[in-house]
Amino acid sequence: MSKKSILILLFYSTLSLILTTYILGVDNLSFVNGKWLAAHDVTSDILSWKFFKDDIWRFPLGSNPTYGMEIGSGIAFSGSIPIMAIIFKLFSGALPYDFHYFSLWIFICLFLQSYIAFLIIYNKTENLTFSIVGSLFFILSPILINRLSIHLSLSAHWLILIGFYLETKKDILHKNFYWAALISLSSLIHFYFTLMLLGIFFIFLFNDFKEKLNFKKLFIELFTVLGFLTFTMFIIGYFHVPFTDALGYGYGRYTLDVAGIFSQNTTLPSGKISWSLFLPETPRVPLEGFAYLGMGMIMLLIFAILIFFFNLQTFIKKNNFLPFFLIILIFTTVAITNKIHLFNNLISSFELPTVLYGMLSVVRASGRLFWPVYYLIFLISIIFLYKNFSKKNSVYILILAFCLQ
């Protein structure tokens, strides 16, 4: 590893540690201080971890019956971040009674979020300063910070970024095995990320098949990814409960609000939160409908839209936008659902066939499925800026946008 790479890793490690300390406070960095976890859904997460840590090893590995069969039969169905729970249970005999890993998890998420964003932007621009400034938008992503107080396992937004990294970096060998590992890893963190990554993978796989019409390659890639995923889910205990128990009410209720990307007001269990010093007050949107981009990113998005439409023919000829267009279209449609909300007001709805509604009930918190589109907006807006302005001016504009952000 070069000296430059080491310095970059040290920079993002330090930055993530500073931000983790700012978010939690110095006292709450401790692995035995769990007072800050005694609120909202995080309470059940730490309780699940404590029961799992103190129990014997069982099969499937994620079995957690002492926590109570009525409220969850496995660590995979809690927000306790299964991969972290299993790793630290290996050392449970040497760990303090009150030990937890949630403060470490926040640091890991912030580090990987910023570092992987840097890698994607640098891969497309090869400009160190521009890539570092661009990555700062991701570590301060409103939808990421919004989750840190209530759903820690849903803070692994870096999984989505790795998926985009695999498809934007052209010289990756054996990409399919990386996809298999990534999607399997996501099932050890939170199944919503698995659904998102499977969607992204299938879209790029379809696009590749459309161009090459290689049935053998299609079958091998599908078998590899789905085989690894099925094995991982079996080992961790996803199939320990009937499939019907995975269905839940709520599709069409926990939706993306159409105004969510521009509305800076949302509601958390702790109350109403405002995310902007610039925009006027707007009606608040519910948690799952919240996707506020930030003032700086809204400015960059406007630039990107103007650049795209003024150079539409050039972009179509030089670039393959079909998979990205499909990601935006499909994920946004599923996130909005059949009940369209604007500022938390229902403005239109239609009935879905019962079978389709039942299938979609697996993603009852459908608003989360907008997250891949959200980060595509970040990436496209930042990279379009660099590609269509001079290097010097693009850095200045990006710094200005970050100050607004």
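Some observations on this one:
- The convex hull of the Cα atoms of the chain, projected and averaged over all directions, covers 21.7 nm².
- Probe 1.4 Å, protein heavy atoms only - accessible area per residue of the chain in square angstrom: 48
- Amide H to amide H, with H built 1.01 Å from N, ASP257 comes under 5 Å of GLY289, PHE290, counting only residues 5 or more places away or on other chains.
- Residue-wise HN-Hα coupling along segment 145-159, computed from phi with Karplus coefficients 6.51, -1.76, 1.60 (Hz; x: Gly, Pro): 4, 4, 7, 5, 8, 9, 10, 5, 5, 8, 8, 7, 5, 5, 4
- Net lengthening on full extension, PHE59/THR230 (0.36 nm per residue, minus Cα-Cα): 60.0 nm
- Exposure rule at most 14 other beta-carbon atoms within 10 Å, DSSP loop GluC sites (Glu not before Pro): the chain longest free segment: 127-280
- Here's how it looks for VAL285: its modeled amide H is under 5 Å from those of ASN265, THR266, THR267, which are all 5 or more places away or on a different chain.
- Cβ-Cβ distance of ILE399 and PHE321, R₀ of 22 Å, FRET efficiency by 1/(1 + (r/R0)^6): the value works out to about 0.20.
- Its alpha carbons give segment 20-65 an Rg and a Dmax of 13.4, 40 Å.
- Charge dipole of the chain about the Cα centre (unit charges at C-beta), most positive-ward option of SER63, LEU195, TYR165: TYR165
- Dipole magnitude (debye, nearest 20) for segment 22-96, charges at Cβ of Lys, Arg, Asp, Glu: 160
- For GLY74, distant residues with modelled amide H under 5 Å away: ASN64
- Computed magnitude of the charge dipole of the chain (debye, nearest 20; Cβ of K, R +1, Cβ of D, E -1): 1120
- 222 nm mean residue ellipticity, helices alone, for the chain (DSSP H n ≥ 4; -39,500 (n - 2.57); rounded to 500): -18500 deg cm²/dmol
- Choice from TYR254, TYR357, TYR386 showing the highest fluctuation, given a GNM over the chain with Cα pairs closer than 10 Å: TYR357
- Of the cross-linked pairs LYS4/LYS217; LYS53/LYS217; LYS50/LYS175; LYS170/LYS392, those separated by over 31 Å at the C-alpha level are LYS4/LYS217; LYS53/LYS217; LYS50/LYS175.
- Sulfur and carbon atoms: percent of accessible area, the chain [1.4 Å]: 69
- Between 0 and 90 degrees, the angle of helix 322-336 with respect to the longest Cα principal axis of the chain falls at about 50 degrees.
- Applying 1/(1 + (r/R0)^6) with r as the Cβ-Cβ distance of SER92 and PHE223 and R0 = 41 angstrom yields a FRET efficiency of 0.70.
- With the charge dipole of segment 294-405 set up from +1 on Lys and Arg Cβ and -1 on Asp and Glu Cβ about the Cα centre, the Cα lying farthest toward the positive end among the listed residues ALA304, PHE343, PHE331 is that of ALA304.
- Between the Cα long axis of helix 295-310 and the first principal axis of the chain there is an angle of about 50°, rounded to the nearest 10.
The values are calculated or read from the model by the stated rules, or taken from the named source; none is laboratory data. As the structure is a prediction and not an experimental result, all values here were calculated from the model. For neighbour counting, all protein chains shown are included, and Cβ atoms are generated from backbone atoms with ideal geometry for every residue, glycine included. With ligands, DNA and RNA removed, areas are computed over all heavy atoms of the protein, side chains included. Shrake-Rupley method; radii C 1.70, N 1.55, O 1.52, S 1.80 Å.
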